[in-house]
Amino acid sequence: MSSVAEGECSADPKPKLPTEVWVLITANVVIALGYGVVSPVLPQYARDFGVSISAATFVITAFSLMRLVFAPASGLFIQKIGERRVYLTGLLIVAVSTGACAFAQTYWQLLLFRSLGGFGSAMFTVASFGLMIRISPQDARGRVAGLFSSAFLIGSVGGPVLGSVTAGLGLSAPFAIYGVALLLAAGVVFVKLRHSSLATSSRRAGRCSAFASPWYRCSSPRCCTEGRASPVSPSRRLRSAMWPRLSRAAICRIALAAARC
């Protein structure tokens, strides 16, 4: 019996991961590759504006500082509009700001664009964790977390190699290439997750399930004609059913009191 049980356990296949998981993992590789592409040329690119080494390194610090400052705010945005929208918005902000770095005319413009990129990076980084947890099967979240981290590390290793190649096209070329790559990644994520039930935010899913509940019904003719539903709790329904009986009892008591007078 024990050998049979062991055979059944060993034959149990791993749960198949949803397509949305692989989409986010692929996007994570592209994001990490972009970091590696930009990082080798960023200090020298900042130095071309005639600033000191400290000012050039502060461009890198500004990106990380903005991520640190806006990470808590990104969590609030997720609670308001959901992980998917915050993730896509963050990707678009980083894509546009990184592409704009290629056309910066002054050091302060470069610093502004990199700071905006840090804000967008905080948005999609925080949202990616929540989104990955949401779309992952419960019995495969450890495996998904490992794949998600491995994807970022693969991009981090390959990014500097690709960056050294693209740097031959000019110091501004890596920024333009990274911006275009992020736009393509955002487009793919949007298409693949647009109609995904797994990526639907919890607030929206809660509203949909609430409207499907039998406790929700029309409370007025206007709601019925407009196709809306309003919540009716069990206690309110019980009071509505008992109200006619209580009204008749009150009328009888008033009539008896008037007769005695």
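Brief remarks follow.
- Computed over the stretch 77-196, relative contact order equals 40 percent, with contacts defined as Cα pairs under 8 Å that lie 6+ residues apart.
- The length gained on full extension between residue 55 and residue 169, counted as 0.36 nm times the residue separation minus their Cα-Cα distance, comes to 38.6 nm.
- Accessible solvent surface per residue of the stretch 1-152, calculated while the other protein chains remain in place, 1.4 angstrom probe, Å²: 51
- Calculated FRET value between residue 112 and residue 161, using beta carbons and R₀ = 30 Å, to 0.05: 0.55
- Straight-line cross-link reach from residue 80 at under 18 Å between alpha-carbon atoms covers no lysines, not counting any fewer than eight positions away in the same chain.
- Distance between the pseudo-spin-label points of residue 39 and residue 71 (7 Å out from Cα toward the beta carbon): 1.7 nm.
- For residue 56, net neighbour charge (Lys/Arg +1, Asp/Glu -1) across residues whose Cβ lies under 11 Å away: 0
- Gap separating the Cα centres of the stretch 22-84 and the stretch 148-179, nearest whole Å: 13
- For the pair residue 22 and residue 188 in one chain, pulling the backbone fully straight at 0.36 nm per residue adds 58.6 nm over the alpha carbon distance.
- Candidate lysines for bridging to residue 192, where Cα separation is under 19 Å - those fewer than 8 sequence places away on the same chain excluded: 16
- Over the stretch 1-148, the pair-distance histogram of Cα-Cα distances with 10 Å bins from zero comes to 11, 32, 27, 15, 8, 5, 2, 0 percent, rounded to whole numbers.
- Each label point was placed 7 Å from the Cα along the Cα-to-Cβ direction; for residue 85 and residue 149 their separation is 3.2 nm.
The values are calculated or read from the model by the stated rules, or taken from the named source; none is laboratory data. From a predicted model like this one, the values you see are computed outputs, not experimental measurements. As a convention, Cβ positions derive from the backbone with ideal geometry for all residues, glycine included, and neighbour counts pool all protein chains shown. Please note that ligands, DNA and RNA were not included when accessible areas were found on the heavy atoms of the full protein model with its side chains. Shrake-Rupley method; radii C 1.70, N 1.55, O 1.52, S 1.80 Å.
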